[in-house]
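One structure is given below, encoded as structure tokens.
The values are calculated or read from the model by the stated rules, or taken from the named source; none is laboratory data. Keep in mind the model is a prediction, meaning the values are calculated, not measured. Methodologically, a virtual Cβ is constructed for each residue, glycine included, from the backbone with ideal geometry; neighbour enumeration extends over all protein chains shown. Side chains are part of the model used for accessible areas, which takes the heavy atoms of the whole protein and leaves out ligands, DNA and RNA. Shrake-Rupley method; radii C 1.70, N 1.55, O 1.52, S 1.80 Å.
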Amino acid sequence: MKKFLSLSLVALAAVPGAFAQEAFTVEGRYAGSDPYLYLQYPGAKGTYVKDSVAVRNGQFRFAGTIEGPVYASLSGKLKSRSMDDPNIQFFFLEPGKTTITAKENAFKDMAVAGGAVQADFNAVNKQKAPIKKQWEPFFKSLDSINKIDNFKAQEFKSGLKPYYADMEKIDMAYIDAHPGTYLSAFLLRGYSYSLPTEKLQAYFDQFPAEIKNGMAKGMGDELERRKIGVPGTEAYAFATSDINGQPFQLADYRGKYVLIDFWASWCLPCRKGNPHLKKLYAQYKEKGLEIIGVSDDDSKPEAWRKAVNDDGIGIWKHVLRGMDREKIMAGIYNPTDISKRFGIASLPTKVLIDPQGKIIGRFEGGDRDDAKMDAQLESLFGGK
């Protein structure tokens, strides 16, 4: 048995809470050619454990200790780094015995029998199974389109709203019937960004301390994030280099109203909103409005430059957000990440700053908030 710790995979699951160490075993049968299977799970003090065992006569067995329930994965030889890889599946590892039956290239169909959390998770998934079956043709078409044109795939994906609505009904029914539980915390992770603050806070308050510090930690982080970059707070006065390599300081724009547009070249709603931004800029520039684009294209600056050119938005200043993926994956705070300093969770998001450097408006979700943004700008500058 080979076991080592990794910090790079911490983002796959929440850090466990303050439980005492308890023993577990994971054993079962595996049908496939992989000589080794790999078990990964959160360990103590923010580490991540990756354990491997040899498959002998189609059987395998892992053993170790954990601090209560954790979200783990079992994998064989991966074909990609995607969580959708056919040779990896996630489950709830709990103290005691977990039994798994898995097959090569079909890990998503593996059977898991373990503790109470996994049992409830199985029951929730059983309710979702008919819905997933119904939508299989749609997802196959989406995958085919995405291989050809990502923007078309994003447009096509908008048709999934009824699917997500049905899934949400099932999840929220469980959450409301089982307040303050580990699985409720796990299911809420998918809705943390979309729930109103008061409702999110009410759910978070129901969890005991060990879950707040573990599986629900992301909810707590999200509640804290919502206090950053909101109207009434001072805007982070970032300094960086612009798209032309020239020094850029937000402080240089004191005395003007500044609309910061958080976007990316690959974000379809962002790109669709650029004609509207150009219209606003032409309408209000002479009255004291400046626009600054902050892009998520740190890893692909050539795509960023092309998008600025193609959309004709080089008429205002552009900078990269300063994202460091390694720090994000390792959970390390990056003080030069502009988006983090404004609490950005989705693209596009626009933040309006007054001449004194205070945030007076925040608009999220593309054209959904355009009317609200337009009304505030009109109130500041007047009509045409």
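Points worth noting:
- Remark: ALA165 falls outside the filter, which requires a residue to be more than 21 Å from the chain's Cα centre (by Cα), free of Cβ contacts under 8 Å to residues at least 60 places away in the same chain and either more than 17 Å from ASP84 (Cα to Cα) or not in a helix (DSSP H, G or I) (or both).
- Residue ID - surrounded by the fewest Cβ atoms within 10 Å (Cβ to Cβ), chosen from residues in the range 157-189 that are basic (Lys, Arg) and under 13 Å from PHE138 (Cβ atoms): LYS161
- Considering LEU39, LEU78, the condition of being in contact with a strand residue (DSSP E or B) (Cβ under 7 Å, 6 or more places away or on another chain) and closer than 23 Å to GLY331 by Cα is satisfied by LEU39 alone.
- Being farther than 27 Å from GLN356 by Cα and either within 18 Å of the chain's Cα centre (by Cα) or modelled with pLDDT of 95 or more (or both) holds for only one residue in ASP252, ASP261, ASP221, and it is ASP221.
- Listed by position, the strands (runs of 3 or more DSSP E) inside the range 1-108 whose residues that are at pLDDT 95 or above number at least 3 are 22-31, 36-42, 48-54, 59-66, 70-75, 88-93, 96-103.
- Being open to solvent by less than 30 Å² (accessible area, probe 1.4 Å) and at pLDDT 95 or above is a property that does not hold for PHE138.
- Selection from the range 357-372 of residues that are in a helix (DSSP H, G or I), open to solvent by 50 Å² or more (accessible area, probe 1.4 Å) and touching a residue at least 60 places away in the same chain (Cβ under 8 Å): ASP367
- Checked against the criterion of being among the aromatic types (Phe, Trp, Tyr) and under 23 Å from LEU352 (Cβ atoms), the candidates PHE186, PHE204, PHE238 yield just one match: PHE238.
- Test for TYR203: is it modelled with pLDDT of 95 or more, open to solvent by less than 30 Å² (accessible area, probe 1.4 Å) and under 21 Å from LYS128 (Cβ atoms): yes
- Residue, most open to solvent (accessible area, probe 1.4 Å), within the range 109-122, restricted to residues that are part of a loop (DSSP other than H, G, I, E, B) and in contact with an Asp or Glu (Cβ under 9 Å, 6 or more places away or on another chain): GLY114
- Criterion (under 23 Å from the mean Cα position of the chain (by Cα) and farther than 30 Å from ALA202 by Cα) met by exactly one of ASN146, ASN105: ASN146
- The criterion of at least 1 residues that are buried (at least 21 other Cβ atoms within 10 Å of the Cβ) is met, among strands (runs of 3 or more DSSP E) falling completely within the range 244-356, by 257-263, 289-295, 317-320, 349-353.
- Only listed residue being loosely packed, with under 11 Cβ neighbours inside 10 Å and modelled with pLDDT under 95, chosen from LYS126, LYS147, LYS133: LYS147
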